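Everything on this sheet refers to the single structure shown next.
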Amino acid sequence: MTNVRFDFGNIMAPALEGGVGEDLFGGAMVDAFTAAHAAVETRRSGGDLGFLDLPHASETVEQVKALADGFGQWFEDVVVLGIGGSGLGAKALRDALLGPYWNDRSDEERDHFPRLHVVDNPDPATMRGLMERVSPARTLFNVVSKSGATAETMAQYLFVRQQVEEAVGAEKARGHFLFTTDPANGALRRIGDAEEIPMLPVPENVGGRFSVLSPVGLLPAAICGVDLDELLAGAAAMETRCRVAELSQNPAGVLASLLHHSDVTEGRPIHVLMPYSDRLRSVAFWFQQLWAESLGKARTVTGQPTATGPTPVAALGATDQHSFLQLLMEGPDDKVVLFIEVENHGPDAVIPGRHPEIKELAYLGGHSFGELINTERRATAEALRRTGRPNATFYLPEVDPAALGQLFMLMQIATVYAGALYGVDPMDQPGVELSKKLTYGLMGREGVEAPDLLEPDPRWML
């Protein structure tokens with residue numbers, strides 16, 4: 001297995017004017033990371049960080065494989081119903097490892113694995129459009145909600161359950177569902193137990209945004225032929241690399257420490273993840289939730305108001321060189337850009353040499369698209385460096401399960417280190433609870449009082 005590498009030279013002095021000096025990287029930053037590392041190890045020992053154990057959860061992985069290789073292959077389409085961490089990880093794995101246009105390929109081109117759809121938003125046009133596109137009688141619906149009470153997901157479940165029953169009858173409908181939920185409690189667990197619907201557990205100590213390597217992400221990937229052993233081996237290798245207490249040898253520690261320093265000391269709270277690969281676009285959105293929901297807290301663990309906090313932004317290279325780069329180059333100096341470069345894109349496409357008389361085209365001939373997109377990444381990083389804008393690059397040897405497993409684990413561990421550096425709890429999400437409660441009340445959930453909403457003021461409406 002080839003390691004994913006993290007190059008942070010363009011954050012450091014002297015490569016970057018005003019960059020982090022070796023004295024800080026070897027002094028105060030080390031002291032802060034040492035304390036953060038100890039805090040994380042304490043939480044690990046206490047069983048709070050269950051995602052660290054997922055690469056070694058062999059019993060659960062075998063259960064996933066068995067369902068994927070058997071039950072999962074009965075269907076032409078698999079639909080994942082889940083929102084937030086219950087959908088983003090599956091999307092990231094699908095887009096990265098199944099490649100572009102998976103659902104448009106023929107059965108033979110997919111090696112007869114099912115098409116895979118991830119529906120994470122209760123948009124009526126999307127829901128109706130999905131059910132018009134798939135045959136309910138030949139579709140498996142994987143309903144993913146740890147609590148079994150997620151309003152959006154459960155509404156989707158109720159809708160598709162009706163559609164399936166109309167297609168195959170009430171008795172056969174349960175054979176088109178698989179639940180991924182809490183191992184003991186919740187509405188989905190009760191329904192699954194009562195109707196003998198197959199279920200997979202989300203470990204109690206694994207939150208949604210840290211669940212990509214649990215059955216939440218593993219089942220959809222496995223159903224479509226992804227090698228789970230390679231994925232988890234990559235994650236396990238990175239977990240080992242990121243367990244060391246020496247900052248200079250810990251990729252996740254370096255990432256967390258530099259981004260925390262950029263925010264609290266340098267005034268750069270916006271952290272842009274910009275992969276130069278269409279297949280990794282969904283990884284950027286997965287990271288956006290991970291970083292935002294884990295670190296965007298109003299109070300520290302001791303109850304003190306937080307004065308800082310990062311804002312993640314998902315971008316795509318080279319596309320966003322033509323929409324976002326101007327702001328990165330000359331806008332407010334409040335951003336750090338994290339690039340992802342794929343060293344080997346796989347089968348490439350060579351650019352033909354035509355129109356030698358036209359200088360704007362002639363130079364492209366003989367180069368490849370992989371060479372072009374990686375050159376653009378390097379040129380963008382250098383342009384930012386020359387204007388004093390910090391950036392760093394993750395190098396993936398290729399987009400394969402082992403590399404994805406490494407990248408997911410690196411970013412998750414960096415998140416919990418960053419939580420310790422900020423003094424916040426990266427495992428909770430109190431800021432989303434009020435919105436949920438208001439939704440329940442407005443929709444008439446029993447036991448939840450309907451809230452009074454501020455009516456729109458006609459003076460401020462055009």
Note to self: How far apart, in nanometres, would the label points at residue 35 and residue 196 be if each is projected 7 angstrom from Cα along the Cα-to-Cβ direction?
What the structure shows: 5.8
Notebook entry, point to check: Any idea how far apart residue 53 and residue 149 come out in nm if each label point goes 7 Å out from Cα toward Cβ?
Noted result: 2.5
Margin query: Using C-alpha positions alone, give me the convex hull volume of region 231-376 per residue in cubic angstrom.
Written below: 159
Margin query: Ratio of alpha-carbon Rg to the 2.2 N^0.38 Å globular estimate for region 22-126, to two decimals, please.
Written below: 1.59
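Sort region 109-190 into rounded, prolate or oblate with this rule: let a ≥ b ≥ c be the square roots of the eigenvalues of the Cα gyration tensor; rounded if a/c is under 1.5, and if a/c is not under 1.5, prolate when a/b is larger than b/c, oblate otherwise. Provide the component values of the computation, followed by the final result.
Details: a/c = 1.42, a/b = 1.37, b/c = 1.03.
It comes out rounded by the Cα gyration axes.
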Checklist line | Cβ-placed point charges (K, R +1; D, E -1), dipole of region 367-407 about Cα centre in debye, nearest 20 | finding: 340
Notebook entry, point to check: How far is helix 369-386 tilted, in degrees, relative to the longest principal axis of the Cα atoms in the chain, given as a value from 0 to 90 rounded to the nearest 10?
Noted result: 60
Next item on the list: Report, in debye and to the nearest 20, how large the dipole of the chain comes out about its Cα centre when Lys and Arg carry +1 and Asp and Glu carry -1 on their Cβ.
Entry: 420
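Within 10 Å of each residue's Cβ, count the other Cβ atoms and sort 445, 459 from fewest upward. Walk me through the intermediate numbers first.
Working: 445 14, 459 5.
Placing the least packed residue first, the sequence is 459, 445.
For 360, 433, what's the fewest-to-most ordering of other Cβ within 10 Å of each Cβ?
Values: 360 7, 433 10.
Taking fewest neighbouring Cβ atoms as first place, the list is 360, 433.
What ranking do 107-114, 80-87 get when scored by the average of other Cβ atoms within 10 Å per residue, highest first?
Details: 107-114: 13.8, 80-87: 26.0.
Answer by packing, highest mean first, reads 80-87, 107-114.
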Margin query: Using a Förster radius of 45 Å, what is the FRET efficiency between residue 128 and residue 398 based on their Cβ-Cβ separation? Nearest 0.05, please.
Written below: 0.70
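How big is the dipole moment of region 50-225 about its Cα centre under a simple scheme where the beta carbon of each Lys and Arg is +1, that of each Asp and Glu is -1, and everything else is neutral? Debye, nearest 20, please. Intermediate results must be reported in sequence, preceding the final value.
Working: 16 positive and 24 negative charges, 58 e Å.
Around 280 debye, computed over region 50-225.
Tell me the volume per residue, in Å³, of the convex hull enclosing the alpha carbons of region 223-283.
Values: hull volume 7.7 nm³, N = 61.
Convex hull volume per residue, Cα atoms: 126 Å³.
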Check: In Å, what Rg and Dmax follow from the Cα atoms of the chain?
Finding: 23.4, 75
Checklist line | Given charges at Cβ of Lys, Arg, Asp, Glu: region 50-225 dipole, positive-most of 175, 144, 71 | finding: 144
Note to self: Skipping prolines and chain starts, which residues have an amide H placed within reach, meaning under 5 Å, of the one on residue 353, given they are 5 or more residues away or on another chain?
What the structure shows: 366
Check: Taking a spot 7 Å from the Cα of residue 69 along the direction of its beta carbon, which residues of region 211-230 have an amide N less than 15 Å from it?
Finding: 219, 222-230
Item checked: Sites residue 344 and residue 264 - FRET efficiency at Förster radius 56 Å, r taken between beta-carbons, to 0.05 -> 0.90
Check: What's the Cα-based Rg to Rh of region 144-209, Rh via Kirkwood?
Finding: 0.99
Next item on the list: With a/c under 1.5 counting as rounded, go ahead and sort region 50-225 into rounded, prolate or oblate using the C-alpha gyration tensor (a ≥ b ≥ c being the square roots of the eigenvalues; past the cut-off, prolate if a/b is larger than b/c, else oblate).
Entry: rounded
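To the nearest 500 deg cm²/dmol, what mean residue ellipticity at 222 nm is calculated for the chain from DSSP H runs of n ≥ 4 alone, each contributing -39,500 (n - 2.57), summed and divided by the residues?
Values: 17 runs with 197 residues, N = 462.
Rounded to the nearest 500, it is -13000 deg cm²/dmol.
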Note to self: Students often get this wrong: which residues of region 111-133 have the backbone nitrogen under 14 Å from the point 7 angstrom along Cα-to-C-beta of residue 166?
What the structure shows: 127-133
Note to self: Taking the beta-carbon count within 10 Å as an exposure proxy, list 351, 11, 358 from fewest neighbours to most.
What the structure shows: 358, 351, 11
Next item on the list: Return the distance in nm (one decimal) between the two label points of a simple spin-label model at residue 107 and residue 285, each offset 7 Å from Cα along Cα→Cβ.
Entry: 3.0
Notebook entry, point to check: In degrees from 0 to 90, rounded to the nearest 10, what is the angle of the helix 151-168 Cα long axis to the longest principal axis of the chain?
Noted result: 50
Next item on the list: For region 301-439, count all C-alpha to C-alpha pairs, find those more than 22 Å apart, and express that count as a whole percent of the total.
Entry: 59
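Quick note: the coordinates plus some simple rules give every number you see, no bench work behind them. None of these values were measured; they are calculated from a predicted model. As a convention, Cβ positions derive from the backbone with ideal geometry for all residues, glycine included, and neighbour counts pool all protein chains shown.
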